[in-house]
1. Could you list all residues from the range 26-41 that are in a helix (DSSP H, G or I) and either in contact (Cβ under 8 Å) with a residue 60 or more places away in the chain or under 29 Å from residue 98 (Cα atoms) (or both)?
2. Give me the residue from the range 155-174 that is over 22 Å from residue 74 (Cβ atoms) and crowded, with 18+ Cβ neighbours inside 10 Å and, out of that set, modelled with the lowest pLDDT.
3. Could we say that residue 54 is in contact with a helix residue (DSSP H, G or I) (Cβ under 9 Å, 6 or more places away or on another chain), surrounded by 14 or more Cβ atoms within 10 Å (Cβ to Cβ) and at pLDDT 90 or above here?
4. If we scan the range 122-142, do we find a residue that is closer than 19 Å to residue 98 by Cβ, at pLDDT below 85 and crowded, with 18+ Cβ neighbours inside 10 Å?
5. Within the range 59-85, how many residues are loosely packed, with under 15 Cβ neighbours inside 10 Å and either more than 13 Å from the chain's Cα centre (by Cα) or not in a helix (DSSP H, G or I) (or both)?
6. So for the range 35-44 (the condition being buried (at least 18 other Cβ atoms within 10 Å of the Cβ) and within 23 Å of residue 128 (Cα to Cα)), does at least one residue qualify?
């Protein structure tokens with residue numbers, strides 16, 4: 001049993017080495033500019049070893065996304081549990097923690113938005129809804145108990161909010177300043193009605209997300 005556990009651990013470590021190398025290369029050379037040969041050279045392994053873990057470069061990118069989403073979800077859960085912080089601020093903190101940062105994050109998001117990667121984009125959306133919705137719905141339910149908001153459908157309302165925000169306020173979507181301000185105002189207006197909150201109560205929550 002100990003030997004088997006050691007083998008599993010070593011395989012996981014090797015897999016993460018490959019992903020780490022791929023992340024570094026993608027952040028510098030981009031997805032199209034990075035070959036499996038580049039990854040082999042960076043890790044110092046044979047092609048057969050690479051294919052033992054990943055059958056293609058696309059599968060490597062898929063695993064990178066899984067790992068990235070896992071880290072985002074863990075961070076979101078930690079922030080949601082910080083009950084010393086007001087619930088609306090935690091709501092904001094959770095959503096802002098989902099923003100990708102750095103060259104790697106932007107490169108991954110570029111790949112996700114390419115037409116040939118539509119399946120990958122759908123997977124990100126599914127992971128976002130399945131992993132983050134319960135976290136935010138829990139905060140909404142806490143807000144309901146505190147009398148801050150009211151809805152009979154916290155989970156479904158959060159899903160609509162996430163899908164809209166993830167689409168309209170995507171960093172890769174270009175708007176004029178006037179268009180952006182109008183969409184931000186409409187987002188706040190509709191959120192307050194979805195959650196049956198007082199007018200203006202969502203302003204401080206949403207502004208940090210879209211500025």
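The values are calculated or read from the model by the stated rules, or taken from the named source; none is laboratory data. Because the structure is a prediction, the values reported are computed rather than measured. In this analysis, Cβ positions are derived from the backbone assuming ideal geometry, glycine residues included, and neighbour counts consider all displayed protein chains.
1. 26, 27, 28, 29, 30, 31, 32, 33, 36, 39
2. This residue is 169.
3. yes
4. Checked the range 122-142: at least one residue is closer than 19 Å to residue 98 by Cβ, at pLDDT below 85 and crowded, with 18+ Cβ neighbours inside 10 Å.
5. Matching residues across the range 59-85 total 7.
6. No - not one qualifying residue is present in the range 35-44.
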